Amino acid sequence: MPMLGAILTPHPPVLLSEVGRGKELEIDATGRAMRAAAEEVARWEPDVLIVSSPHTILYGDYFHISPGSSGVGSMAAFGAPKVRIEAQYDAQLRDEIVRRAQTAGLEAGTLGERDPQLDHGVLIPLSFLRRAGVVCPIVRMGLSGFSALAHYRLGRCVAEAVGALGRRAVFVASGDLSHKLRPDGPYGFAPEGPVFEKAVTEAMASGDFLQFLTMDPSLCERAAECGLRSFQMMAGALDGLTVAARLLSHEGPFGVGYAVALFRVTGRNEARCFAEACEQAQRARLKERRDREDAWVRLARLSLETYVRTGQQLGSLPDDLPEELTGQAAGAFVSLHTGGRLRGCIGTTVPTAENVAWEIVQNAVSAGTRDPRFPAVRAGELGELEYSVDVLGRAEPVDSPDQLDPKRYGVIVGYGNRRGLLLPDLDGVDTVEQQIDIARKKGGIRETDPYTLQRFKVVRHL
């Protein structure tokens with residue numbers, strides 16, 4: 001088999017003794033599992049390692065695959081400059097992966113490199129593999145803001161390229177798990193953290209890769225997961241293959257989940273082609289959500305779909321809108337998500353149209369086509385979009401951050417003519433400090449500026 005198997009590894013810098021200086025003993029189970037996995041890979045005698053890392057350059061709308069003939073990196077940023085690795089790149093295989101990905105309609109390639117240095121998500125698993133005697137070339141791959149299915153399909157392109165060139169390959173999926181397992185951890189605690197850990201490690205132990213593809217995006221966001229997209233790409237690289245799955249370790253003493261798993265390919269099994277099942281699950285979830293949409297969300301969807309398909313803004317409102325939409329004016333935000341990740345969000349803090357309905361009509365188009373963080377929504381994406389509409393209440397000044405609550409109130413940070421706004425109850429925003437900091441930065445306001453605070457309530461429509 002060209003694909004020999006895969007290993008799934010965490011990448012905490014303290015795992016290396018040169019960085020941990022004794023702290024690595026607190027995650028000794030992870031260290032022992034990493035050594036065991038590396039020794040197993042050495043016995044497979046691969047020609048190439050395909051390494052995916054959340055810390056390699058990540059774009060929302062592009063899969064970056066490292067260019068050039070080699071890469072060098074060190075752990076200098078973590079106080080261990082002597083830990084240095086140079087890796088040769090398998091340029092022929094990389095180019096074949098890119099060619100197949102582009103043929104499959106995936107936005108992938110070697111453009112946009114910002115930092116050629118190997119990141120710690122690559123360096124840490126490579127350190128263990130090198131010590132075990134694995135010194136073959138690598139292909140270094142970044143993740144993206146695309147869907148779970150897109151990551152799976154790119155992994156499948158990897159396997160096809162490996163087979164076409166006759167390489168003996170091992171996929172190295174680098175990624176930590178939840179970052180919110182303990183109140184005293186660096187990122188705090190969220191109830192979704194342990195739930196995510198249980199689900200993802202069950203998938204590792206059983207080899208049920210479909211679970212990687214169908215996990216609730218909101219749960220993953222609130223759990224502050226790190227490596228799921230890396231695991232999804234790995235699953236695609238093992239598409240149609242039977243694996244002997246072994247979960248070697250799982251722990252999280254620092255408040256971040258670390259798991260090591262090993263997947264040895266044992267044969268072919270067409271029942272383990274998960275793309276179609278993933279598509280069916282995604283369609284079912286989207287249909288269920290769309291069936292629950294209220295008039296506010298249906299109007300936002302109608303507005304953007306009309307504009308994308310015709311190039312014209314909605315000319316008139318539907319006849320059956322509630323009085324709350326047509327009889328009052330208010331600021332409103334329209335947010336778009338795909339695969340659980342933000343795809344656009346634009347809104348108004350005060351009314352700019354005659355009523356809420358027209359406010360939603362114009363802001364839905366802006367969210368899909370004028371958010372500077374994202375390219376304009378294409379017609380092919382419309383069926384995958386999930387909408388939410390927030391209708392804003394009146395903003396009121398507050399004297400202290402103590403009067404804020406990121407779950408209950410949105411915040412407006414103001415200084416001079418600059419304003420930064422953040423809606424309430426957002427995934428990953430759990431503290432007042434986070435909320436203020438994000439809103440402040442959105443407004444281009446410095447931490448030292450004597451800024452003012454306002455709070456507001458919203459009515460959220462999903």
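Contact order, relative form, for the stretch 1-152: 37 percent (alpha carbon pairs under 8 Å, 6 or more residues apart, mean separation divided by residue count). Axis of helix 148-165 versus longest Cα principal axis of the chain: the two differ by about 30°, to the nearest ten degrees. Taking a point 7 Å out from the Cα of GLU396 in the direction of its Cβ, the residues of the stretch 441-462 whose backbone N falls within less than 13 Å of it are 454-458.
The 3J(HN,Hα) values that the Karplus relation (6.51, -1.76, 1.60; θ = phi - 60°) gives for the stretch 167-172 are, in residue order, 7, 9, 10, 10, 8, 10 Hz. Gly and Pro appear as x.
Relative protection proxy for 23-31, 420-428, from highest mean packing down: 420-428, 23-31 (other beta-carbon atoms within 10 angstrom). A straight Cα-to-Cα reach below 13 Å connects LYS457 with the aspartates and glutamates ASP390, GLU396, ASP405, ASP425, residues fewer than 8 places away in its own chain not being considered.
Enter the angle in degrees (range 0 to 90, nearest 10) between the Cα long axis of helix 356-369 and the first principal axis of the Cα atoms of the chain, meaning the one along which they spread out most. With rounding to tens, the tilt is 30 degrees. Between amide H atoms placed 1.01 Å from N, distances below 5 Å from GLU225 occur with HIS179, all of them 5 or more places distant or on a separate chain. Taking amide H positions as modeled 1.01 Å from N, with prolines and chain starts lacking one, the residues under 5 Å from ILE346 and 5 or more places away or on another chain are VAL334, ALA367. Peptides 228-238, 118-128 ordered by packing proxy, namely the average of other Cβ atoms within 10 Å per residue, highest first: 228-238, 118-128.
A simple rule links phi to the HN-Hα coupling: the Karplus curve 6.51 cos²θ - 1.76 cosθ + 1.60 with θ = phi - 60°, which for the stretch 199-211 gives 5, 6, 6, 4, 5, 5, 5, 8, x, 7, 5, 4, 4 Hz, with x for Gly and Pro. Look at the alpha carbon pairs under 8 Å that are at least 6 residues apart: their mean separation over the length of the stretch 11-82 gives a relative contact order of 26 percent. Cross-link partners of LYS23 among aspartates and glutamates, defined as those whose alpha carbon lies under 18 angstrom from its own and excluding same-chain residues fewer than eight positions apart: ASP176, ASP184, GLU251. Mean separation of Cα pairs under 8 Å and 6 or more residues apart, divided by the residue count, gives the stretch 179-246 a relative contact order of 34 percent. Within the straight-line cut-off of under 13 Å between alpha carbons, the aspartates and glutamates reachable from LYS441 are GLU433, ASP449, sequence neighbours fewer than 8 places apart in one chain being disregarded. In summary, the convex hull built on the alpha carbon positions of the stretch 158-245 has an orientation-averaged projected area of 6.1 nm².
So, in Å, what gap is there between the alpha-carbon centers of the stretch 388-462 and the stretch 239-291? Taking the Cα centre of the stretch 239-291 as reference, the centre of the stretch 388-462 is 37 Å away.
For the chain, the solvent-accessible area works out to 43 Å² per residue, with a probe of 1.4 Å and every protein chain left in place. Computed from these coordinates, which is Rg and Dmax of the Cα atoms in Å: [x] 22.7, 74; [y] 23.8, 72; [z] 21.2, 69? So the calculated entry is the one marked [y]. As I understand it, the value is the acute angle between the Cα axis of helix 91-103 and the longest principal axis of the Cα atoms of the chain; what does it come to in degrees, rounded to 10? Roughly 40 degrees between the two axes. Go through the stretch 102-132 and name the trypsin sites (Lys or Arg not before Pro) that are in a DSSP coil and have 14 or fewer other Cβ atoms within 10 Å of their Cβ. Hits after loop and neighbour filter: ARG114.
Taking amide hydrogens as placed 1.01 Å from N in the peptide plane, the amide H of LEU241 sits under 5 Å from those of ASN269, each at least 5 positions away in sequence or on another chain. Computed from backbone phi with θ = phi - 60° and the Karplus coefficients 6.51, -1.76 and 1.60, the 3J(HN,Hα) list for the stretch 322-339 is x, 4, 4, 8, 9, x, 8, 10, 6, x, 8, 10, 10, 10, 10, 10, 9, x Hz; x is used for glycine and proline. Estimated from helices alone, the mean residue ellipticity of the chain at 222 nm is -11000 deg cm²/dmol (sum of -39500 (n - 2.57) over DSSP H runs with n ≥ 4, per residue). Protection proxy ranking of 281-287, 15-21, by the mean of other Cβ atoms within 10 Å over each peptide's residues and highest first, is 15-21, 281-287. This model, with +1 at the C-beta of Lys and Arg and -1 at the C-beta of Asp and Glu, gives the stretch 173-297 a dipole about its Cα centre of some 200 debye. Taking the square roots of five times each eigenvalue of the Cα gyration tensor of the stretch 340-400, the equivalent ellipsoid has semi-axes of 25, 15, 10 Å, listed largest first.
The values are calculated or read from the model by the stated rules, or taken from the named source; none is laboratory data. Small disclaimer: the values here were computed from a predicted structure and weren't measured. Here the Cβ is made from the backbone with ideal geometry for all residues, glycine too, and neighbour counts use every protein chain on show. All accessible areas refer to the heavy atoms of the entire protein, side chains included, with ligands and DNA or RNA removed. Shrake-Rupley method; radii C 1.70, N 1.55, O 1.52, S 1.80 Å.
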